[in-house]
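Here's the structure we're looking at; comments come further down.
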Amino acid sequence: MIKDADIDVRPGEELTADICIVGSGAAGISMAHSLIGSGKQVIVLESSRVNIRQTSFAEQEAAFAVSESPQANADNHRFEDPTVQPLYQGEVLNPRMRQIDPRFLTRSRIRCYGGTTNCWGGWTRPLSPIDFDRSDLDPKFVWPIPYDDLNSYYQVAITKYCSLGTWHPSAYDDPNYWVGKTVQPIAPFPIEPGSPLRTAVFSVMNGRGPNEDGALDFQIVWGRAIEPPSVRDVVIYRNANARFIDWSGAAVNRIRATTVRNGVKGHDFTVKATRYVLAMGGIETPRLLLVSKAGNSSGQVGQNFMIHPVNENAAIYDVLRVPDSRVLQFYSYPGGTIIGNFPPTVFATFSPTDATLRHEHIGNFRALMNFRAGAVNFNWEQVPNRKSTLLLDPQPGPIFGDPGIKVDWNLTQVDYDTINKGLRVLGEFLETRGYARNFRPTFRTNEDSVTNPGDHHMGATRMSSHPQDGVVNGDCQSHDLKNLYIASCSVFPTGGVANPTLTIVALALRLAAHLRRLGAE
């Protein structure tokens, strides 16, 4: 069931539920949908009141051809609520990030129903098993749960929520699995045992499928199952802006929320629940905790903020030989189209083996090849860094006057080593096999190595075994507030090189299953 908090909630009213989920992105919607029929009364708070269809520059050009004038969206958001989107404004402190993406905070986040699935490209891949234990880099770079704990939830995320197929998560590391399954012939690059590199496969959801599962936006695919009046155990309140967490001792008492009316502050109300889940994304979740001075006895809320740095043209080389056309099709985005009625695509990249990661003392990376042009698109893992932080902005923000966020994003030498050593390994790999000559980076300094922030806001409420090392435990439960949970890639202790959404959904489903099992307290 879906309601408008400004209409359906009285000023000062206190709503009650077993579970209150704040946010309706991939995590929030997946959780809410999976809790239908659980016997739990669930309230979802969503900031936006409307989702207005936006058009990209490409769509605008096509529309102008037939004398139409749609609203263009430079950030490629498919939907927005322009009234509350300014609440995501803030300040980017790092000079390099300001240079390459000055609107990072509003471009890479969407405050609307469906969250950032409204700008997601549908790239999907699980994290690699080694991503769960990088104690070779630092003893604290370890997840408190093993990779195998997520396998069954990855399976549901792949098969159901991301509408991809029936394959096992391990197929993403088996390039031979995909041969014969695509419309276009594909083949793995020949990599012999003991090579420093391996093939990592990515799948991409079909955004133009023949039915509603073809949509990338979770509010279109899964929201419709939650919204009908007949669904009474899950209620989505739109125009419900969570602004403060009331807490005392080791428990949250209530969430304070406010509506927006005609672009200005509306009325206040509260939600009192047995358990609360923050599913507001990797930046807004720590911001709410910081504003509320909640769940931060470790002092780590907002710290260890990570993204996936990108250099779209990190290296070039003289082409000596071009692989077989089937290899070219597989290793060139968008790759091959899976055979079937609802076909996603799959493509392959080069990534380091576990042995290479440990020997070179680097983070994970993905090299997307243009074999014909002799060019490399390089995307790599940022390692946790307590000096890479999210800070409250003391200046009052729009509409409510609440503090916004400042991003003080920073890289370490390990991050720079990852691209420098990674490109060296890749160049040697191609040159010794007769594909390349004169392989060379395109950037002059470490700072110039990042040309795109890569989004993926991870790590600022990290998961840890010990309370002093993080914000939540292995069940995504706050170390400090026992009825508070977080569903976001902000809990990732390390990032890996995979796009995080598949793991976000898997963790959200795991948390939903955990909450189903818990009784009233």
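Every number in this text was worked out from the coordinates using simple rules, so none of it is lab data. Computed from a predicted model, the values in this text were never measured in an experiment. For neighbour counting, all protein chains shown are included, and Cβ atoms are generated from backbone atoms with ideal geometry for every residue, glycine included.
FRET efficiency for Arg437 and Glu91, Cβ-Cβ distance as r, R0 = 35 Å, nearest 0.05?
0.15
Measure off 7 Å from each Cα along the Cα-to-Cβ vector at His359 and Asp149, then give the distance between these two points in nanometres to one decimal.
3.2
Taking N as the number of residues in the range 229-375, what is its alpha-carbon radius of gyration divided by 2.2 N^0.38 Å?
Cα-based Rg divided by the globular estimate yields 1.67.
Excluding Thr258 itself, calculate the net charge of residues whose Cβ lies under 11 Å from the Cβ of Thr258, where each Lys or Arg counts +1 and each Asp or Glu counts -1. List each step's numbers first, then the result.
Details: positive: Arg243, Arg256, Arg261, Lys265; negative: Asp6, Asp268, Asp402.
Once positives and negatives cancel, what remains is +1.
Along Cα→Cβ, 7 Å out, is where each label goes; now give me the distance between the ones at Asn370 and Ile339 in nm to one decimal.
3.2
Which order, highest average first, do 485-492, 46-53 follow once you tally other Cβ atoms within 10 Å for each residue and take the mean per peptide?
485-492, 46-53
How large is ³J(HN,Hα), in whole Hz, for each residue of the range 315-331 in order, when computed from phi with the Karplus curve 6.51 cos²θ - 1.76 cosθ + 1.60 and θ = phi - 60°, using x for Gly and Pro?
8, 10, 7, 7, 7, 9, 8, 10, x, 3, 4, 5, 5, 4, 5, 6, 9
Between Asn76 and Ser248, what length in nm is gained on full extension when 0.36 nm per residue of separation is reduced by their alpha carbon distance? Could the numbers behind the result be given before it?
Numbers: separation 172, 0.36 × 172 = 61.92 nm, distance 4.15 nm.
Separation in residues times 0.36 nm, less the Cα-Cα distance, equals 57.8 nm.
Return one quarter of the surface area of the convex hull spanned by the alpha-carbon atoms of the chain, equal to its mean projected area, in nm².
Its average projected convex-hull area is 24.0 nm².
Take the eigenvalues of the Cα gyration tensor for the range 150-244, scale each by 5, and report the square roots as semi-axes in whole Å, largest first. Before the final figure, lay out each step's value.
Details: eigenvalues 276, 56, 29 Å².
Values for the range 150-244, descending: 37, 17, 12 Å.
List the trypsin sites (Lys or Arg not before Pro) within the range 415-478 that fall in a DSSP loop (any state other than H, G, I, E or B) and whose Cβ has at most 16 other Cβ atoms within 10 Å.
Arg433, Arg444
Please compute the net charge surrounding Asn296, taking Lys and Arg as +1 and Asp and Glu as -1 over other residues with Cβ under 14 Å from its Cβ.
Numbers: positive: Arg287, Lys293, Arg386, Arg462; negative: Asp469, Asp480.
Value of the local net charge: +2.
Compute the FRET efficiency between Thr16 and Glu312 as 1/(1 + (r/R0)^6), taking r as their Cβ-Cβ distance and R0 = 51 Å, and round to the nearest 0.05. Provide the component values of the computation, followed by the final result.
Working: r = 50 Å, r/R0 = 0.97.
So, using R0 = 51 Å, E works out to roughly 0.55.
In terms of modelled amide H atoms, which long-range or inter-chain residues lie less than 5 Å from the amide H of Thr353?
Amide H neighbours of Thr353: Leu197, Arg198.
Might you report the magnitude of the Cβ-based charge dipole of the range 322-413 about its Cα centre, with Lys and Arg at +1 and Asp and Glu at -1, to the nearest 20 debye?
Values: 7 positive and 7 negative charges, 37 e Å.
Computed about the Cα centre, the dipole is about 180 debye.
For the range 321-356 and the range 131-205, what is the separation of their Cα centres, given in Å?
13
So if R0 is 45 Å, what FRET efficiency would Ala225 and Asn176 give, r being the distance between their Cβ atoms, rounded to the nearest 0.05? Display every interim value, and only then the final one.
Working: r = 36 Å, r/R0 = 0.81.
The formula returns an efficiency of 0.80 here.
Treating the angle as unsigned and between 0 and 90°, give the value, to the nearest 10°, between the Cα long axis of helix 501-517 and the longest Cα principal axis of the chain.
Computed tilt is about 40 degrees.
Can you give me the Cα centroid spacing of the range 373-414 and the range 14-46 in angstrom?
29
Which ³J(HN,Hα) values, rounded to whole Hz and listed in residue order, are derived for the range 191-204 from phi using the Karplus coefficients 6.51, -1.76 and 1.60 in 6.51 cos²θ - 1.76 cosθ + 1.60 with θ = phi - 60°, glycine and proline given as x?
10, 7, x, x, 5, x, 10, 9, 9, 10, 9, 10, 10, 10
Among DSSP bridges having both ends in the chain, what percentage is antiparallel? Round to the nearest 5.
DSSP beta bridges in the chain are roughly 65 percent antiparallel.
Just from its helices, what would the mean residue ellipticity at 222 nm be for the chain, if runs of 4 or more DSSP H residues each count -39500 (n - 2.57) and the sum is divided by every residue, rounded to the nearest 500 deg cm²/dmol?
When only DSSP H runs of four or more count, the value is -5500 deg cm²/dmol.
Net charge near Phe439: determine it from the other residues with C-beta under 10 Å of the C-beta of Phe439, scoring Lys and Arg +1 and Asp and Glu -1.
0
Mean separation of Cα pairs under 8 Å and 6+ residues apart, divided by the residue count of the chain: what relative contact order is that in percent?
In percent, rounded to a whole number, it is 23.
Between 0 and 90 degrees, rounded to the nearest ten: what's the tilt of helix 413-432 against the longest Cα principal axis of the chain?
30
When the Kirkwood radius is taken over all Cα pairs of the range 343-495, what Stokes-Einstein diffusion coefficient follows at 4 °C and 1.567 mPa s, in µm²/s?
71
Distance in nm between label sites at Lys482 and Val319, each 7 Å beyond Cα in the beta-carbon direction?
6.3
Highest mean first, how do 503-515, 382-394 rank when packing is the count of other Cβ atoms within 10 Å averaged over residues?
Working: 503-515: 24.3, 382-394: 19.2.
Final packing ranking: 503-515, 382-394.
Provide the gained length on full extension for the span Leu392 to Arg424, in nm with one decimal, where the gain is 0.36 nm per separating residue minus the Cα-Cα distance.
Extra length from Leu392 to Arg424 when fully extended: 7.6 nm.
For Thr16, list long-range residues whose amide hydrogen, built 1.01 Å from N in the peptide plane, is under 5 Å from its own amide hydrogen.
Lys272
I'd like the Karplus ³J(HN,Hα) series for the range 252-261: coefficients 6.51, -1.76, 1.60, θ = phi - 60°, whole numbers in Hz, and an x wherever there's a Gly or Pro.
Calculated HN-Hα couplings, in order: 7, 8, 5, 9, 9, 9, 9, 8, 10, 10 Hz.
Normalising by the residue count of the range 249-383, find the relative contact order in percent from Cα pairs under 8 Å and 6+ residues apart.
Relative contact order of the range 249-383: 21 percent.
For the peptides 412-418, 143-149, 449-455, 224-230, what is the packing order when you average, over each peptide's residues, the other Cβ atoms within 10 Å and list the highest mean first?
Details: 412-418: 18.9, 143-149: 15.9, 449-455: 21.3, 224-230: 12.6.
Going from most to least packed, we get 449-455, 412-418, 143-149, 224-230.
By how many nm would the segment from Lys160 to Asp448 grow when fully extended, if each residue of separation counts as 0.36 nm and the alpha-carbon distance is taken off?
On the way: separation 288, 0.36 × 288 = 103.68 nm, distance 4.03 nm.
That works out to 99.7 nm of additional length.
Using the structure shown, list the pairs from Lys3/Lys272; Lys272/Lys482; Lys293/Lys482; Lys293/Lys406; Lys265/Lys406; Lys140/Lys421 with a Cα-Cα distance above 19 Å, or answer none.
Lys265/Lys406; Lys140/Lys421
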